[in-house]
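Okay, so here's the structure we're looking at.
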Amino acid sequence: MARYNKIYAGPATEATPQVMELPAATGTIVPGCLVVVNSGEFALAGAATVGKVWIAQDNYLAMKGPDDAYGEGDVVMGMEMLDEQLFNARVATGNNVTKGAALTPAANGELAIAGLSDMVVAFAEEAYNNTSGTSQLVRVRAAKGYLTAAT
(Lines give C-alpha, C1' and ligand atoms only; values in the text may rest on other atoms or scores of the structure.)
Protein backbone atom coordinates (compact mmCIF):
# COMPACT_ATOMS: atom_id res chain seq x y z
CA MET A 1 0.00 0.00 0.00
CA ALA A 2 1.23 3.49 -0.82
CA ARG A 3 2.61 5.70 1.91
CA TYR A 4 0.64 8.64 0.49
CA ASN A 5 -2.76 8.78 -1.19
CA LYS A 6 -1.98 11.62 -3.64
CA ILE A 7 0.93 12.49 -5.92
CA TYR A 8 0.56 16.30 -5.88
CA ALA A 9 1.42 17.37 -2.34
CA GLY A 10 0.98 21.12 -2.44
CA PRO A 11 1.25 23.80 -1.29
CA ALA A 12 -2.47 24.40 -1.07
CA THR A 13 -2.01 28.11 -1.83
CA GLU A 14 -0.23 27.33 -5.11
CA ALA A 15 -2.26 26.72 -8.25
CA THR A 16 -2.29 23.05 -9.16
CA PRO A 17 0.43 22.04 -11.60
CA GLN A 18 0.06 22.14 -15.35
CA VAL A 19 -0.89 18.76 -16.77
CA MET A 20 -0.35 17.18 -20.17
CA GLU A 21 -2.48 14.20 -21.14
CA LEU A 22 -1.05 11.54 -23.46
CA PRO A 23 -1.63 7.82 -23.99
CA ALA A 24 0.55 5.39 -22.02
CA ALA A 25 3.18 3.66 -24.14
CA THR A 26 3.17 0.74 -21.69
CA GLY A 27 0.88 -0.67 -19.03
CA THR A 28 3.43 -0.25 -16.24
CA ILE A 29 3.17 3.49 -15.57
CA VAL A 30 2.32 3.84 -11.90
CA PRO A 31 1.44 7.25 -10.39
CA GLY A 32 4.54 8.91 -8.94
CA CYS A 33 6.80 7.57 -11.70
CA LEU A 34 8.78 9.91 -13.94
CA VAL A 35 7.63 9.90 -17.56
CA VAL A 36 8.90 11.41 -20.80
CA VAL A 37 7.17 12.18 -24.08
CA ASN A 38 8.12 9.61 -26.71
CA SER A 39 6.42 9.58 -30.13
CA GLY A 40 3.29 11.27 -28.79
CA GLU A 41 2.96 8.94 -25.79
CA PHE A 42 4.16 8.94 -22.20
CA ALA A 43 6.92 6.39 -21.58
CA LEU A 44 8.75 5.64 -18.35
CA ALA A 45 11.91 7.67 -17.78
CA GLY A 46 15.10 5.65 -17.36
CA ALA A 47 18.62 6.07 -16.05
CA ALA A 48 19.78 7.46 -19.42
CA THR A 49 16.92 9.98 -19.71
CA VAL A 50 17.87 13.39 -21.08
CA GLY A 51 15.34 16.20 -21.37
CA LYS A 52 12.15 17.22 -19.65
CA VAL A 53 10.52 14.78 -17.26
CA TRP A 54 6.94 14.77 -16.00
CA ILE A 55 5.47 12.94 -13.02
CA ALA A 56 2.46 10.65 -13.52
CA GLN A 57 -0.53 11.80 -11.49
CA ASP A 58 -2.93 9.48 -9.72
CA ASN A 59 -5.92 8.81 -11.99
CA TYR A 60 -8.50 10.47 -9.76
CA LEU A 61 -10.90 10.81 -12.72
CA ALA A 62 -11.28 7.01 -12.77
CA MET A 63 -11.30 6.91 -8.94
CA LYS A 64 -7.97 5.05 -8.85
CA GLY A 65 -5.30 5.38 -6.19
CA PRO A 66 -1.54 5.94 -6.32
CA ASP A 67 -0.80 2.21 -6.62
CA ASP A 68 -3.09 1.62 -9.63
CA ALA A 69 -1.08 1.49 -12.86
CA TYR A 70 -2.32 3.03 -16.08
CA GLY A 71 -3.05 0.43 -18.76
CA GLU A 72 -1.34 0.57 -22.14
CA GLY A 73 -3.15 3.22 -24.21
CA ASP A 74 -4.85 4.76 -21.16
CA VAL A 75 -4.64 8.53 -20.97
CA VAL A 76 -1.90 9.42 -18.46
CA MET A 77 -1.97 12.76 -16.68
CA GLY A 78 1.63 13.96 -16.55
CA MET A 79 2.24 16.87 -14.17
CA GLU A 80 4.93 19.42 -14.91
CA MET A 81 7.30 19.46 -11.93
CA LEU A 82 7.91 23.00 -10.69
CA ASP A 83 10.42 23.65 -7.92
CA GLU A 84 7.97 25.58 -5.75
CA GLN A 85 5.62 22.59 -5.56
CA LEU A 86 5.89 19.30 -3.68
CA PHE A 87 5.25 15.86 -5.14
CA ASN A 88 5.23 12.29 -3.89
CA ALA A 89 7.51 10.45 -6.30
CA ARG A 90 8.47 6.77 -6.56
CA VAL A 91 11.90 5.95 -5.12
CA ALA A 92 13.44 2.61 -6.05
CA THR A 93 13.91 -0.01 -3.37
CA GLY A 94 17.30 -0.13 -1.66
CA ASN A 95 17.69 3.66 -1.48
CA ASN A 96 18.29 5.26 1.91
CA VAL A 97 17.02 8.77 1.22
CA THR A 98 18.01 11.62 3.52
CA LYS A 99 16.28 14.99 3.59
CA GLY A 100 17.86 17.19 0.93
CA ALA A 101 19.34 14.26 -1.01
CA ALA A 102 19.78 14.78 -4.75
CA LEU A 103 17.70 12.31 -6.77
CA THR A 104 18.24 11.08 -10.32
CA PRO A 105 16.12 9.03 -12.74
CA ALA A 106 16.62 5.28 -12.32
CA ALA A 107 15.06 2.34 -14.13
CA ASN A 108 11.30 2.08 -14.58
CA GLY A 109 10.55 5.77 -13.94
CA GLU A 110 11.74 5.59 -10.34
CA LEU A 111 14.18 7.88 -8.55
CA ALA A 112 17.48 6.91 -6.91
CA ILE A 113 20.21 8.69 -4.96
CA ALA A 114 22.33 10.74 -7.40
CA GLY A 115 26.06 10.21 -7.68
CA LEU A 116 28.56 12.96 -8.45
CA SER A 117 28.19 12.64 -12.22
CA ASP A 118 24.44 11.87 -12.31
CA MET A 119 21.77 14.27 -13.49
CA VAL A 120 19.55 15.66 -10.73
CA VAL A 121 15.78 16.08 -11.24
CA ALA A 122 14.58 16.39 -7.63
CA PHE A 123 15.58 16.79 -4.00
CA ALA A 124 14.11 14.78 -1.13
CA GLU A 125 11.94 16.70 1.32
CA GLU A 126 11.93 13.86 3.85
CA ALA A 127 14.13 11.02 5.04
CA TYR A 128 13.06 7.47 4.15
CA ASN A 129 15.00 4.21 4.04
CA ASN A 130 13.31 2.15 1.34
CA THR A 131 13.96 -1.43 2.34
CA SER A 132 10.38 -2.45 1.56
CA GLY A 133 11.23 -4.48 -1.54
CA THR A 134 9.17 -2.24 -3.80
CA SER A 135 9.21 1.39 -4.91
CA GLN A 136 7.74 3.82 -2.37
CA LEU A 137 6.37 7.34 -2.55
CA VAL A 138 8.72 9.91 -1.04
CA ARG A 139 8.06 13.65 -0.77
CA VAL A 140 10.25 15.56 -3.25
CA ARG A 141 10.73 19.02 -4.71
CA ALA A 142 11.80 19.39 -8.34
CA ALA A 143 15.34 20.65 -8.96
CA LYS A 144 15.49 24.13 -10.48
CA GLY A 145 15.62 23.63 -14.19
CA TYR A 146 15.67 20.14 -15.62
CA LEU A 147 18.45 17.58 -15.54
CA THR A 148 21.27 19.64 -14.11
CA ALA A 149 24.52 18.02 -13.00
CA ALA A 150 24.80 17.20 -9.29
CA THR A 151 27.35 19.22 -7.35
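Kindly provide the trypsin sites (Lys or Arg not before Pro) of segment 80-151 that DSSP labels as loop, not H, G, I, E or B, and whose Cβ sees at most 15 other Cβ atoms within 10 Å. Please list the in-between numbers first.
On the way: sites: R90, K99, R139, R141, K144; in loops: K99, K144.
Those that pass, being in a loop and sparsely packed, are K99, K144.
Would you mind getting the accessible area per residue of segment 1-51, heavy atoms of the protein chains only, 1.4 Å probe, in Å²?
Numbers: 2760 Å² over 51 residues.
For segment 1-51, the per-residue accessible area is 54 Å².
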- Message: Limiting things to C-alpha atoms, what are the Rg and the maximum Cα-Cα separation (Dmax) for segment 4-71, in angstroms?
- Response: 12.2, 35
- Message: Take the chain, mark every one of the GluC sites (Glu not before Pro) that falls in a DSSP loop and has at most 12 other Cβ within 10 Å, then report the longest stretch left between them, sites excluded.
- Response: 15-83
- Message: Bins of 5 Å, beginning at zero and ending with the bin holding the largest distance: percent of Cα pairs per bin for the chain, please.
- Response: 2, 11, 21, 25, 22, 13, 5, 0, 0
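With contacts defined as alpha carbon pairs under 8 Å and 6 or more residues apart, what's the relative contact order of the chain in percent?
On the way: 417 pairs, mean separation 39.1, N = 151.
Rounded, it is 26 percent for the chain.
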- Message: Using only the alpha-carbon atoms of segment 44-123 as identical scatterers, what base-10 log of I(q)/I(0) does the Debye formula give at q = 0.13, 0.18 Å⁻¹?
- Response: -0.43, -0.81
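With N set to the number of residues, divide the alpha-carbon radius of gyration of segment 85-145 by 2.2 N^0.38 Å and report two decimals.
On the way: Rg = 10.2 Å, N = 61, 2.2 N^0.38 = 10.5 Å.
Rounded to two decimals, the normalised Rg is 0.97.
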- Computed accessible area, M119, all protein chains, 1.4 angstrom probe, square angstrom: 80 Å²
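Which percent of the accessible heavy-atom area of the chain goes to carbon and sulfur, probe 1.4 angstrom? Don't skip to the end; give the middle numbers.
Working: 3830 of 7180 Å².
Using a 1.4 Å probe with all protein chains present, the chain comes out at 53 percent carbon and sulfur.
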- Note on the structure: For K64, counting only aspartates and glutamates whose alpha-carbon sits under 19 Å away and dropping same-chain residues fewer than eight positions off, the answer is E21, E72, D74
- Just tell me which lysines come within less than 18 Å, Cα to Cα, of K99; anything on the same chain fewer than 8 places away is out. K144
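The values are calculated or read from the model by the stated rules, or taken from the named source; none is laboratory data. The structure displayed is predicted, hence computed values, not measured ones. With ideal geometry, Cβ positions are generated from the backbone for all residues, glycine too; neighbour counts draw on all protein chains shown. These area figures cover heavy atoms from the full protein model, side chains too; ligands, DNA and RNA do not enter into them. Shrake-Rupley method; radii C 1.70, N 1.55, O 1.52, S 1.80 Å.
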